[in-house]
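Read the structure below first, then the notes.
The values are calculated or read from the model by the stated rules, or taken from the named source; none is laboratory data. As the structure is a prediction and not an experimental result, all values here were calculated from the model. Glycine gets a Cβ as well: all are built from the backbone with ideal geometry, and neighbour counts include every protein chain shown. When the accessible area is computed, the model is the full protein with side chains, heavy atoms only, and any ligands, DNA or RNA have been set aside. Shrake-Rupley method; radii C 1.70, N 1.55, O 1.52, S 1.80 Å.
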Amino acid sequence: MKRFIWCVSVLLVISICLSLPANAVTEVEPRGSDYFMASSTYIDVYGTRLEIWFDITAVGMMDKLGVNSIEVQRSTDRVNWTSMHTYDSSLYSGFIDTNTSAHAGYISYYGTSGYYYRACVEYYAKKGTGSALMTEYSSSVLCG
């Protein structure tokens, strides 16, 4: 009886593992990733104009590669951050490129003097039926 329960348990675990969808989106870190080789997210400030730069390199040719979204965050103390605006790839055609192994670009945002700003960038890669997401924060800058 114990052997029967053990066999049923093993078969149940195997069936659960095999039933996971092959195209499930996974969140990964760039090192050791099947998709991402390197990334860079940084922010420059020119008075009250901020430039948020992104640069992503894949391990090889991807069907789609780039940025899913960029969230601009603001703080007075660099500890507590408030979301100010989110740029989404569905509204900005330059965020994602096709049939490439690298993609880069930037956006401009006008901030308020005296506040710290940073960017949260969600990178995206798709190859065949698989895809991956990776989130990266820029350093913070003082506006103004």
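Say we look at the stretch 85-103 and pick out the residues that are within 15 Å of the chain's Cα centre (by Cα) and of a type in the set (A, V, I, L, M); which of these is farthest from Leu50 (Cα to Cα)?
Narrowing the stretch 85-103 to residues within 15 Å of the chain's Cα centre (by Cα): 86-90, 95-97, 102-103.
In the following step, the residues that additionally are of a type in the set (A, V, I, L, M) were identified as 96, 102.
Details: Ile96: 21, Ala102: 23 Å.
The selected residue is Ala102.
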Considering Tyr124, Tyr115, Tyr106, which residue is in contact (Cβ under 8 Å) with a residue 12 or more places away in the chain, among the aromatic types (Phe, Trp, Tyr) and closer than 21 Å to Trp81 by Cα? Tyr115
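Tally the residues that are open to solvent by 30 Å² or more (accessible area, probe 1.4 Å) and out of contact with any Gly (no Cβ under 7 Å at 6 or more places or on another chain), restricting the search to the stretch 108-132.
Residues of the stretch 108-132 open to solvent by 30 Å² or more (accessible area, probe 1.4 Å): 108-110, 112-116, 118, 122, 124, 126-129.
Within this subset, residues satisfying the condition of being out of contact with any Gly (no Cβ under 7 Å at 6 or more places or on another chain) are 108-110, 112, 115-116, 118, 122, 126-129.
Of the residues in that region, 12 qualify.
Could you tell me whether the stretch 90-105 includes any residue that is within 17 Å of Ser139 (Cβ to Cβ), at pLDDT 95 or above and open to solvent by 40 Å² or more (accessible area, probe 1.4 Å)? I'd like the intermediate steps shown before the answer.
Restricting attention to the stretch 90-105, the residues satisfying the condition of being within 17 Å of Ser139 (Cβ to Cβ) are none.
No - not one qualifying residue is present in the stretch 90-105.
Is one or more of the residues making up the stretch 109-116 in a strand (DSSP E or B), among the β-branched types (Val, Ile, Thr) and at pLDDT 95 or above?
No, there is no match, as no residue in the stretch 109-116 is in a strand (DSSP E or B), among the β-branched types (Val, Ile, Thr) and at pLDDT 95 or above.
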